[in-house]
Amino acid sequence: MKTLQSVKALHIITGLGVGGAEQQLRLLLRHMPMQCDVLTLTNPGPVAEGLRADGVRVVHLGMRGNRDLGALPRLVKFIRRGQYDLVHTHLYRACVYGRLAARLAGTAATVATEHSLGDGEIEGRPLSGGVRTLYLASERLGAATVAVSDTVAARLEGWGVPAARVHVVPNGIEAVRFRFDEGVRRATRARTGLPERAFVVGGVGRLVPGKRFDVLVRAVAALPGAHLLLAGDGPERAGLRRLAAELGAQSRIHLLGERDPLGDSADGRTPGIPALLAAMDVFVSPSREEAFGLAVVEALAAGLPVLHVTCPAIDDLPAAQAPGARRIGTGTEELVAALRGHMEAGARRLPPPQVVRRYDIARSARQLLDVYDLALSAAPGATGATRGRAGAAVPGGAAVVGARREPVGPEPAEPTGTG
């Protein structure tokens with residue numbers, strides 16, 4: 001019988017560019033007691049560099065696209081050679097290929113996290129019958145599916161994933177990184193060219209249509225003297241820049257590109273997300289559809305008042321847990337009115353609310369370890385739970401029961417990576 005500390009785990013993820021799921025993986029691995037390697041199917045981007053800096057082995061499979069079936073035998077071979085006790089997959093493509101590869105490789109237990117499932121889209125792509133069918137077929141090959149919120153869990157169950165297979169492990173943050181500092185606020189405003197006393201609205205996220213940052217640009221443009229700090233990159237960046245110019249607000253709309261969610265650049269010249277939050281006066285999340293809403297939780301940790309259209313991380317909870325957050329409608333006029341109210345009231349910093357403690361990354365890591373424990377205990381041939389916890393296998397030996405909810409070019413011959 002192995003302890004969790006002696007388990008060898010492989011995390012498979014679709015890519016390692018800057019994104020919520022990717023950064024969440026990096027944070028979680030800092031709190032895992034076992035050896036964890038990471039394999040990315042594509043795009044070993046900035047998060048891969050961060051993981052390597054943390055001492056994690058990162059391997060790039062070199063997958064060429066969703067239909068690169070030649071990647072499957074390479075993935076099976078890699079898992080088999082690594083003799084992993086547990087495989088954990090993240091994001092749609094990695095979940096589909098990774099669960100199948102782990103089953104073919106004979107891995108004892110496979111867990112998947114669903115990070116980005118919306119009502120009508122998954123990871124920014126429209127849902128189709130084929131996508132859903134393939135997802136459900138591969139889901140049955142794993143031991144458990146982790147949802148990052150009760151909202152995502154309900155969506156999975158609505159698809160037909162048995163409730164007993166779904167475990168809620170919310171995203172988490174290192175709240176201390178976002179603690180407000182007046183000196184950081186002044187320095188960041190100076191570095192980003194903001195007037196010292198300007199009213200600053202903020203947003204963070206991928207610049208894609210679903211995030212609706214065009215609404216935020218229009219709202220800030222309608223408020224003379226207000227500035228917008230928008231951190232993120234994506235296909236909408238050029239369009240947002242044009243929109244700001246058309247509205248005569250290009251000097252007040254600051255499109256900053258991707259920024260490190262964990263802190264400033266190594267040379268200290270480029271402010272990361274924590275410093276940018278310190279420079280803001282109010283945070284806005286205009287997206288109609290979110291799986292969790294990590295940026296909102298980070299903004300609350302920074303003491304910012306928040307305006308959001310939807311955020312399962314707090315919408316699923318009593319309002320008293322996040323008193324600084326206000327849910328608004330989707331219209332531009334309502335957002336303008338809400339921002340004007342904050343502008344007239346003046347800048348204010350709030351104490352981090354109760355919800356921030358709820359979403360501590362160490363707490364999320366402990367909950368994930370419970371899922372691992374159950375998955376390994378339910379594996380065929382397991383002699384007992386890794387931490388003395390009994391798990392049960394359903395017929396076929398694949399599923400974990402006891403779901404928990406939060407209370408309300410040329411093909412490479414082998415993958416390449418660093419050890």
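None of the figures in this text is laboratory data; all of them are computed from the coordinates on show. Predicted model only: the values in this text are computed from it and were never measured. Cβ placement follows ideal geometry from the backbone for every residue including glycine, while neighbour counts extend to all protein chains displayed.
By the gyration tensor of its Cα atoms, with a ≥ b ≥ c the square roots of the eigenvalues, what is the shape of the stretch 229-310: rounded for a/c under 1.5, prolate for a/b over b/c, or oblate? List each step's numbers first, then the result.
Numbers: a/c = 1.63, a/b = 1.13, b/c = 1.44.
Cα axes put the stretch 229-310 in the oblate bin.
Which value at 222 nm does the chain reach when only helices count, each DSSP H run of 4 or more adding -39,500 (n - 2.57), with the total divided by all residues and rounded to the nearest 500 deg cm²/dmol?
Working: 15 runs with 149 residues, N = 419.
Taking each H run of at least 4 residues, the total per residue is -10500 deg cm²/dmol.
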Fraction of the pair-distance distribution of the chain above 43 Å, Cα-Cα pairs, percent: 13 percent
Which of Phe78, Asn66, Ala94 sits closest to the plus end of the dipole of the stretch 49-168, meaning its Cα is farthest towards the positive end, when Lys and Arg get +1 and Asp and Glu get -1 on the C-beta? Phe78
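Give me the orientation-averaged projected area of the Cα convex hull of the stretch 92-207, in nm², one decimal.
On the way: hull surface 42.1 nm².
Orientation-averaged projected area of the Cα hull: 10.5 nm².
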Taking Lys77 as the anchor, which aspartates and glutamates have their alpha carbon closer than 19 Å to its alpha carbon, excluding any fewer than eight residues away along the same chain? Asp37, Asp68, Asp85, Glu411, Glu414
Along the charge dipole of the stretch 176-358, Cβ charges K/R +1 and D/E -1, which of Ala187, Val208, Ala301 sits furthest on the positive end? Ala187
The stretch 176-358 - charge dipole about Cα centre, Lys and Arg +1 at Cβ, Asp and Glu -1, debye rounded to 20: 300 debye
Anisotropy class of the stretch 136-190 from Cα gyration tensor, a/c 1.5 cut: prolate
At R0 = 30 Å, FRET efficiency that the Cβ-Cβ distance of Leu69 and Val208 yields, to 0.05: 0.60
Return, for the Cα atoms of the stretch 176-358, the radius of gyration and Dmax in Å, separated by a comma. 15.0, 42
Using Cα positions and a limit of under 28 Å, work out the lysines in reach of Lys211, with same-chain residues fewer than 8 apart set aside. none
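With charges set only on the Cβ (+1 for Lys and Arg, -1 for Asp and Glu), what does the dipole of the chain come to about its Cα centre, in debye to the nearest 20?
Values: 51 positive and 40 negative charges, 103 e Å.
The calculated dipole for the chain is roughly 500 debye.
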Efficiency of FRET from Cβ geometry, Lys77 and Ser128, R₀ 45 Å, rounded to 0.05: 0.90
